Amino acid sequence: MTASSHRDRPVVAVFTKNRTNPAYAAARIGAERTVARWGAQVAHYVPDKPDDIGQQVALVDHAIAGRPDAVVFVPVHDTAMNESVQKLNAAGIPIVNYLNRLDKGDFVAFVGSDDYRIGCDIAEYLFRHISGRGDLVIIEGIASAVTNRERMRGFHDTLRAWPDVRVVASRPGDYQREPTLQLMREVLPALPRIDAILAANDLMALAAIEVLETEGRLVPVVGVNAVPEAVAAIKAGKLLASADFDAMKIACVATEAALRHLRGERVPREMLLPVQIVDASNYEAWDIPFEERRCPEWEEVSNTAPG
């Protein structure tokens, strides 16, 4: 018996990985907007320590005890959360996986974007901007994150087609500001010349720009997410471009998929939002707060699902 049998409004438990990355704040906004539109309720589960496996394990146990009707879940680690996912499956709580793919387990659907294509497209954009030649710094995300592995695979596959782009440093910023500030302060003194910086998310791209500015250095930088802070930096001419990995829109769709499943509707097994590059030529469409951005219409995404 699920909680829906004794509640007036279904409860969706929404898991995000931290409170420090604007993309996950956006995901919570998307989930809240969707449950409000559907007359449901949301319960948020966020580790106090960013991306902490032990805390997310404990949060899953806490959620199961509360018997939500459905779970919208992004794992902090794709394999370390397998046992927790199995617990959710055993409890009969339907899961919609979003943003980062689960390694194992049964789930209603996956909602995300093509991180490999994101990596390829944003790298190609940057390499064309520097005319296919120069010294490149790559700022990686969290090694255990599927998004990072796929974006890095896209970066490196694209690099093979640009032999005159030379990687002079590739270091993890863990998708966070502080680690990126530290690595940039360590890397810059040893690299008097940098022609471009390719960052696996906007938070790291913006942190890199912050350090570059203190050193009086102007370098083209690109990121991923198209969060409002990044769009503002594009508008100001500080960030060259970002790939639109819109966690708010993805969470909107994932939460709606959970609610449609609870209503007995068929939900596509996989829904991927399209990849778009945001730069000075088109940023206006993204130059609005997440609260004012539009959630996708269900038909926009479900009709383009694979298969």
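Here are a few things to note about the model shown:
- Local electrostatic count at VAL14 - Lys and Arg +1, Asp and Glu -1, tallied over other residues with Cβ under 9 Å: 0
- Those Cys residues of the chain for which no other cysteine Cβ falls under 4.7 Å: CYS120
- Compared with the dominant principal axis of the Cα atoms in the chain, helix 53-66 is inclined by about 20°.
- Flagged links, alpha-carbon separation over 30 Å, of LYS17/LYS87; LYS49/LYS235; LYS104/LYS235: LYS49/LYS235; LYS104/LYS235
- When the solvent-accessible area of the chain is split by element, carbon and sulfur atoms take up 49 percent of it, the probe being 1.4 Å.
- Bins of 10 Å from zero: percent of alpha-carbon pairs in segment 188-289: 15, 38, 23, 15, 7, 2, 0
- Probe 1.4 Å, protein heavy atoms only - accessible area per residue of the chain in square angstrom: 42
- Three principal axis extents of segment 8-94 based on alpha-carbon atoms, in descending order, are 33, 32, 17 Å.
- For ALA43, distant residues with modelled amide H under 5 Å away: VAL12, ALA13, VAL14
- Pairwise label distance in nanometres, ARG133 with ALA280, each label 7 Å out on the Cα-Cβ vector: 2.2
- Stretching ALA161 away from ARG263 to a fully extended chain increases their span by 31.9 nm, per 0.36 nm per residue minus the current alpha-carbon distance.
- Per-residue HN-Hα couplings for segment 122-129 [Karplus 6.51, -1.76, 1.60; θ = phi - 60°; Hz; x = Gly/Pro]: 6, 5, 4, 4, 5, 5, 5, 4
- Most simply put, the chain has about 5% antiparallel DSSP beta bridges, counting only bridges with both residues inside it.
- Once backbone amide H atoms are built at 1.01 Å from N, TYR98 has PHE73, VAL74, VAL111 as its partners under 5 Å, excluding neighbours fewer than 5 places away on the same chain.
- Part-to-part distance (alpha-carbon centres) for segment 125-203 and segment 95-118, which is given in Å: 24
The values are calculated or read from the model by the stated rules, or taken from the named source; none is laboratory data. Only a predicted model underlies this, so the values are computations on that prediction, with no experimental measurement involved. No Cβ is skipped: glycine too gets one built from the backbone with ideal geometry, and neighbour counts run over all protein chains shown. Calculation scope for accessible area: heavy atoms of the full protein, side chains included, ligands and nucleic acids excluded. Shrake-Rupley method; radii C 1.70, N 1.55, O 1.52, S 1.80 Å.
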